[in-house]
Amino acid sequence: MKNSFLKKLTAAVLAACSIFAVSACGGGTGTRGNKVKLEFVHYWPEHATLLKEICREYSAENPDVTITPTNVPYSNIESQLMNMLRSGGLPDVFCYWSNACYNLAKDGYLANIDEFAEQEKANYVNDAFSLEDGKINGHYYAAPFRASGYVIVYNKKMFQDYNWKVPETLEELETLCYDVIEDSAGELTPLAVYGTSSGTMMQIKSTFDAYVNILSGLVKDPAYYCNRQDASKESGLQQLYADSLVKFKKWYDAGFFTLDPQTRDNAQKEFTNGKTPMILFNNNNLDVLQATIGEDFRIGAISFPAPEIVAELNLNTFTNGTFDSIFIAKSSRHYDVALDFMKYLMSDEVQQKWAQRTRSVSLKKNVVYDNDEQRNMATLLSQLGAYPQKADFTMSTDASSGNYTLVNNYLTNASNYTALEVVQKGFENTVKSVTDKILNPGNLQMIEITTTLDYSENRYTWLK
């Protein structure tokens, strides 16, 4: 039954999503005579002019094809796609995230791009992590257009003035944060973050949890991929997640990051005004950041560092983020034309132009960068997608907000729950959503963890 993705639709979403109600009909494809019209939806309003240029160039090479690009605000893309499904069908070609496409593919809304993937796999960096991130039930659905990950951007001059060392491990980052507070007599906040439940502050906790998953070996378990791992019988894993939460609160209480929920712009101002030497930032917003700083304001960037033990064990590191990818709707009446347009977008020529004009990081091997900052960013994001995970269920709004409230109340001492109880209650919320037959038809259940997890103490000293 095609409803897993549509279950996310609420009355509020319907009210807010109207701009495609007319155009989104039958996949958005039109045919007039021998001419084909494709609907292309993206969420990069800041690059709308460039995308129109690319679409015109494609049509110049293919005069019987007209591409109609439409931009949607980044924050509204999911609700707009859901509204389009309600209104008649997805656009022929559209942008979305590789790690969020599971239900769209499972419910039959996406056309597979196996032909493209097999032809292009060797042309992608890092063993095609990015392509594999869009592989579901043996088929490829996502063509990774650019990397979208979070890095720590730092003020080089401030680091030089205070003689701070750029951290290479999580342990060194923790020491640095204490040094920032001490050396500035509490005047500086070490790390600027923004947002609330889905913001960059909570990414710190999710990064801690990710390294628990990596070091315990959970990432190798079949249940990990669909995020339905049953931790109820793994008391050791529950305790590690609790230790991760305690570590997160320790950083929070120490004043390592800005506490008040704020916008990205406000966090950026704190950084550019010299109130914090570091900011957790998306790589695709760096051009915006650089446009607001003076020539004498020099910035550097590093990945969020991994615990020292990760390098000792020669494991891949974890990077928060995903891939902005290109998808084709199964309802498109001109799949071959849509696929050809996708191939054009993913060609070395277009990828090179996009990288140069937007300072984005491509996933294609043949793209070269003309500045050190972009080359460094490509290196920093090299492990993005190393541990793919795609939830095959929908979390209820109550469960999602409930889990955030549990963590937030623990951080702010507004709860009597212990860290372990917060973890356990969060797990209970997830189980309720997974097994909700209305929200997730198909009698879904949690999946037993069959991998023998490694709880060796030497792997988790960084949590202490």
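Read-outs: derived from the displayed coordinates by stated rules, not from any lab. Since the model is a prediction, treat every value here as computed from it, not as a measurement. Here the Cβ is made from the backbone with ideal geometry for all residues, glycine too, and neighbour counts use every protein chain on show.
General remarks:
- Region 91-193: chymotrypsin sites (Phe, Trp or Tyr not before Pro) in DSSP coil with no more than 13 other Cβ atoms inside 10 Å: none
- Using alpha-carbon coordinates, inclination of helix 419-434 to the longest axis of the chain, degrees: 20
- Debye, to nearest 20: dipole size of the chain, +1 on Lys, Arg Cβ, -1 on Asp, Glu Cβ: 1360
- Using alpha-carbon coordinates, inclination of helix 200-216 to the longest axis of the chain, degrees: 80
- Nearest-0.05 FRET efficiency for Asn126 and Thr405, computed from C-beta distance (R0 45 Å): 0.75
- Chain lengthening between Arg86 and Gln239 when straightened (0.36 nm per residue, less Cα-Cα): 50.8 nm
- Charge dipole (the chain, unit charges on Cβ, about Cα centre) - positive-most of Ala301, Trp354, Pro73: Pro73
- For region 353-371 and region 296-310, distance of Cα centres in Å: 21
- Here Thr435 and Glu172 are evaluated by their C-beta separation; at R0 = 56 Å the FRET efficiency comes out at 0.85.
- Under the simplified labelling scheme, the Ile302-Gln352 pair shows an inter-label distance of 3.4 nm, with each label point 7 Å from Cα along Cα→Cβ.
- Radius 14 Å from Cβ of Gln229, net charge of other residues (Lys, Arg +1; Asp, Glu -1): -2
- Helix-derived mean residue ellipticity, 222 nm - over the chain, DSSP H n ≥ 4, -39500 (n - 2.57), to 500: -12000 deg cm²/dmol
- Here the simple spin-label model places points 7 Å from the Cα toward Cβ, and for Ser206 and Leu50 these points are separated by 2.4 nm.
- Potential extension, Lys250-Ala60 segment - 0.36 nm per residue separation minus Cα distance: 62.6 nm
- Subtracting the Cα-Cα distance of Thr68 and Asn416 from their residue separation scaled by 0.36 nm leaves 119.8 nm.
- Separation between Cα centres of region 60-102 and region 405-464, rounded to whole Å: 34
- Under a 5 Å amide H cut-off, with hydrogens placed 1.01 Å from N, Gln229 pairs with Ile447 among residues at least 5 apart or on other chains.
- Per-residue Cβ neighbour counts within 10 Å put Arg86, Arg264 in the sequence Arg86, Arg264, beginning with the fewest.
- Between helix 235-254 and the chain: long-axis angle, C-alpha atoms, 0 to 90°, nearest 10: 80
- Inter-probe distance in nm under a simple model that places probes 7 Å from Cα toward Cβ, at Asp454 and Asn227: 2.6
- Set Lys106/Lys353; Lys205/Lys233; Lys106/Lys220; Lys135/Lys464; Lys157/Lys269 screened for pairs whose C-alpha atoms are more than 26 Å apart: Lys106/Lys353; Lys135/Lys464
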